[in-house]
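The values are calculated or read from the model by the stated rules, or taken from the named source; none is laboratory data. Bear in mind the structure is a predicted one, so any value in this text is a computation, not a measurement. Note that each Cβ is placed from the backbone with ideal geometry, even for glycine, and that neighbours are counted across all protein chains shown. All accessible areas refer to the heavy atoms of the entire protein, side chains included, with ligands and DNA or RNA removed. Shrake-Rupley method; radii C 1.70, N 1.55, O 1.52, S 1.80 Å.
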Amino acid sequence: MANFAAKIVEIEMQLTDNSFLDALEMSFTIIFTIELSFNAFANWFRDFFFNGWNLFDTLVVSVSIIGAALPNVPGVSVLRLFRVFRVLRLFHRLSSLRIIINAVTASILPVANAFVVLLLITAIYAVLACMLFKSRDEVLFGKFSSALFSMFQVCTGDGWSTDVVRPMFGESGVVDGYVVLFFVSYILIGGYFLLNVVVAVLLDEFASAVDMEKRRLKEHQDTLSIRSSTYYLDPLLEFLSQYQTEKDLKEKIRVIFDILAGDDDKTLSYEKFLEGVYRLNFKATIAITQEDWEVLMEATPETSGKKEITWQEFEQIILAQLNEFACRQASLKQLDADEGTSAVILILKQLQLEVRKINQASVAQDEIRRQMRRLANRIALVETKFDSLLHGEIQNGGRTCFSSSSESEGDALDRVDENAILLAVEHNGKQRQLKDLMEEDEEEEDEEERGCA
């Protein structure tokens, strides 16, 4: 912008001694060259040459260097005129101006199509005007080129009535109907309808450019937020991610638990975690709130709602957090990767999700098996009580009675039957659920075998 202002001053004042302005011009050329060099070094190769603004900067700087190095060569003075276009670099810096330029650039082809239609309509009317009005006005409609320019003048609305149409009414000035119909129809079609189509195309492309610029800024902000955001357990997870074997990882987790909970304590709570964090001596601070701790406890079903956890439960939580940490690190690498590497990272992330689903299904099966064993024990206990009600007798004053004085033998048997039925229904439900899971596992194995084949 300063270079453009200096050029305006030079032209306006018509100075005879331009030594100061020439020195200022050379300074701007050096500054632009250094800036372009840093830009090329930082974005070499593809990101630099596939950017239109970088190519424009390269052209302007190259012309400026040639003009400064070879001032006396014929034709260089014409090339130096390109230096005026440096002010267009301002459009690249300001987002509002960049939106307008992007809208105009994107609308070139649609607007060109609309102008082609307008040119065809104008050419048709120019041919008709030559055939109809050549005898009335040889200057305006004697040749096709003259008629085409006259119709363009009519389309712009510049003196079309006083300079073009009314002189053809003759000295009497009586309105000629078909002359009026000819030119008014052309103005309605070309001047109002087709020109408004061009404006509509520009507005549509401008709206699209605004939306695209907003999406680009949002993606840029999202990228920056992903790069700058850190999870509160990331320092701990980064340390644990450097494990060699599974045994090594679990040993590290146990050591971390002992440091956090204390050597003599077997459980870990939020308060103990806050105290133990300072004993880890990590460079990065682990800041965790009570709400974060509660969310952390929801990571596994075994710790949901608990205030204190054992080291086995702590291990399960950390393993789940390590999976999420690996996914976040892969996403960061994906931002800077090329298309091929990004696709590989995406596939790895999908595989990680599938492994997590398999692990969750395995945990669900183990839980169902535990519930089945518990249900079998309850059924066995009910059967024992049922047998005791049928055969066991409690002697009370020489009479046979049941444990409840207010409950008859039939009522007690009915109650036991109801409990047995409820347990049996629950047992059947667990069996069906387990059967469904086993069938799903068999289907997945069949699909894997077919894929390998």
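Quick rundown of the values:
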item	result
Probe 1.4 Å - accessible area at residue 344, Å² to nearest ten	80
Those residues of region 247-262 whose amide nitrogen sits under 19 Å from the label point placed on residue 288, 7 Å along Cα→Cβ	249-262
Accessible area in the full protein assembly, largest first, 1.4 Å probe, for 29, 285, 245	285, 245, 29
Neighbour cut-off at most 14 other Cβ (10 Å), DSSP loop, GluC sites (Glu not before Pro), region 138-214	171
Net charge, residue 242 excluded, C-beta distance under 10 Å - Lys, Arg +1, Asp, Glu -1	-1
Exposure of residue 370 as accessible area (Å², to 10), given a probe of 1.4 Å and all protein chains	100
Pairs beyond 25 Å (Cα-Cα), from 272/306; 266/307; 283/306; 250/283	283/306
Region 127-181: C-alpha gyration tensor shape, a/c 1.5 cut-off, then a/b vs b/c	oblate
Mean separation of Cα contacts under 8 Å, 6 or more apart, over the residue count of region 92-191: relative contact order %	21
Residue-level accessible surface for residue 125, protein heavy atoms, 1.4 Å, Å²	30
212, 168, 131, ranked by accessible area, largest first (probe 1.4 Å)	131, 212, 168
Label-to-label distance, nm, for residues given as residue 22 and residue 38 (7 Å Cα→Cβ offset)	2.9
Ranking by accessible area, most exposed first, for 38, 282, 133 with a 1.4 Å probe	38, 282, 133
